[in-house]
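The values are calculated or read from the model by the stated rules, or taken from the named source; none is laboratory data. Since the model is a prediction, treat every value here as computed from it, not as a measurement. Quick reminder, even Gly has a Cβ in these numbers, built from the backbone with ideal geometry, and neighbours come from all protein chains shown.
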Amino acid sequence: MERRNLVEVRNIDVFYGPVQALFDVSLHVAPGEVVVVLGGNASGKSTTVKTVLGLVRPRRGEVYFDGQRIDGKDTHDIIRLGVASIPEGRRVFPEMTVQDNLLLGAYVRRHEGEEALKKDLETVLELFPTLAERMNQLAGTMSGGEQQMLAMARAWMRRPRLLCIDEPSMGLSPLYVDRVYDVIRMLKERGVTMLMVEQSANRALEVADRAYVLQNGRIVLEGNAEELAADPAVRRAYLGGDASLAL
């Protein structure tokens, strides 16, 4: 029996006031998959993920999580279903310590007890050793790359069924872009299902299973990530010469 998709977005139209941002967009994410939505500025890729998170509501169409319709739910109710988000710009709590940021990531799991959270905290510090040296440091005093590591570790503490990542490489040095994608690969190996938005097409296609390309709010291309990356016609039409989309 075929396993149902964890996420299904069906024919959504999304508006910001009178301006339409998405036109008849459909996509799906199977359990354990990494799916990337690619596109240039104002292509609609971030709006797609925000719709899944309940931050914006579609005027038409439906969104399902594990078979349950969620496009009418509030974001906090969607998070309780097992969805975690790493937003663009990281958005750590700058006046809180690294440790408190991490523990806040597990807030919705507080009913599991102190021992379970302590064990997960130990695990996350093994996965993110840089953070182990910064537990008492205020998050706002860290570099952008370090804050991105913290945001990813905080999301992992949620133990999400779905992790939504918005522009993970934005504003980072090449060194930290490498580290971010190492972490994404590690999460993929651990079976974390991910829906990712990214402008850095080459890096995203290296780690993704499938990809969708958005242009002016419409999906213009979709398919296997490896095949899309290797197709010269696709690269000429949709992908930039180095790491970004030419849309």
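Can you tell me which residue in region 121-157 is modelled with the lowest pLDDT, limited to those that are among the charged types (D, E, K, R) and surrounded by 14 or more Cβ atoms within 10 Å (Cβ to Cβ)? Once the filter is applied, the top-ranked residue is E146. Determine, yes or no, whether A21 is more than 19 Å from the chain's Cα centre (by Cα), within 18 Å of D166 (Cα to Cα) and of a type outside the set (V, I, T). Against the criterion (more than 19 Å from the chain's Cα centre (by Cα), within 18 Å of D166 (Cα to Cα) and of a type outside the set (V, I, T)), A21 qualifies.
None of G61, G54 is touching a His at 6+ places or on another chain (Cβ under 9 Å), farther than 26 Å from G145 by Cα, of a type outside the set (S, T, N, Q) and touching a residue at least 24 places away in the same chain (Cβ under 8 Å) except G54. Examine region 232-246 for a residue that is farther than 30 Å from L81 by Cβ, surrounded by 19 or more Cβ atoms within 10 Å (Cβ to Cβ) and either free of Cβ contacts under 8 Å to residues at least 12 places away in the same chain or in contact with a Ser or Thr (Cβ under 6 Å, 6 or more places away or on another chain) (or both), and state whether such a residue exists. Within region 232-246 (the criterion being farther than 30 Å from L81 by Cβ, surrounded by 19 or more Cβ atoms within 10 Å (Cβ to Cβ) and either free of Cβ contacts under 8 Å to residues at least 12 places away in the same chain or in contact with a Ser or Thr (Cβ under 6 Å, 6 or more places away or on another chain) (or both)), the answer is no, since none of the residues qualifies.
Residue by residue, here is whether (1) closer than 11 Å to L162 by Cα; (2) crowded, with 17+ Cβ neighbours inside 10 Å holds:
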position	(1), (2)
V29	yes, yes
L38	no, yes
A42	no, no
V52	yes, yes
E62	no, no
D71	no, yes
V83	yes, yes
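Does region 101-120 contain any residue that is at pLDDT 85 or above, out of contact with any Gly (no Cβ under 6 Å at 6 or more places or on another chain) and over 11 Å from M157 (Cβ atoms)? Within region 101-120 (the criterion being at pLDDT 85 or above, out of contact with any Gly (no Cβ under 6 Å at 6 or more places or on another chain) and over 11 Å from M157 (Cβ atoms)), the answer is no, since none of the residues qualifies. Count of region 130-149 residues, restricted to those that are over 21 Å from L163 (Cα atoms) and either assigned to a helix (DSSP H, G or I) or touching a His at 6+ places or on another chain (Cβ under 6 Å) (or both), is 5. Restricting the search to region 186-197, which residues are touching a helix residue (DSSP H, G or I) at 6+ places or on another chain (Cβ under 9 Å), over 16 Å from G82 (Cα atoms) and assigned to a helix (DSSP H, G or I)? M186, K188 - these are the residues of region 186-197 that are touching a helix residue (DSSP H, G or I) at 6+ places or on another chain (Cβ under 9 Å), over 16 Å from G82 (Cα atoms) and assigned to a helix (DSSP H, G or I). Selection of first residues in region 80-105 that are at positive phi and of second residues that are surrounded by 17 or more Cβ atoms within 10 Å (Cβ to Cβ) and in a strand (DSSP E or B), restricted to Cβ pairs under 7 Å at least 6 apart or on distinct chains, gives the following pairs, ordered by first then second residue: G82/L162.
Selection of region 150-185 for residues being part of a helix (DSSP H, G or I), charged (D, E, K, R) and within 18 Å of K118 (Cα to Cα) yields only R154. Of all residues in region 18-49, those satisfying the criterion of being modelled with pLDDT of 95 or more and out of contact with any strand residue (DSSP E or B) (no Cβ under 7 Å at 6 or more places or on another chain) are P18, V19, A30. Here G89 clears all of (1) of a type in the set (G, A, S); (2) under 24 Å from V213 (Cα atoms); (3) at pLDDT below 95; (4) touching a helix residue (DSSP H, G or I) at 6+ places or on another chain (Cβ under 6 Å) except the condition numbered (4).
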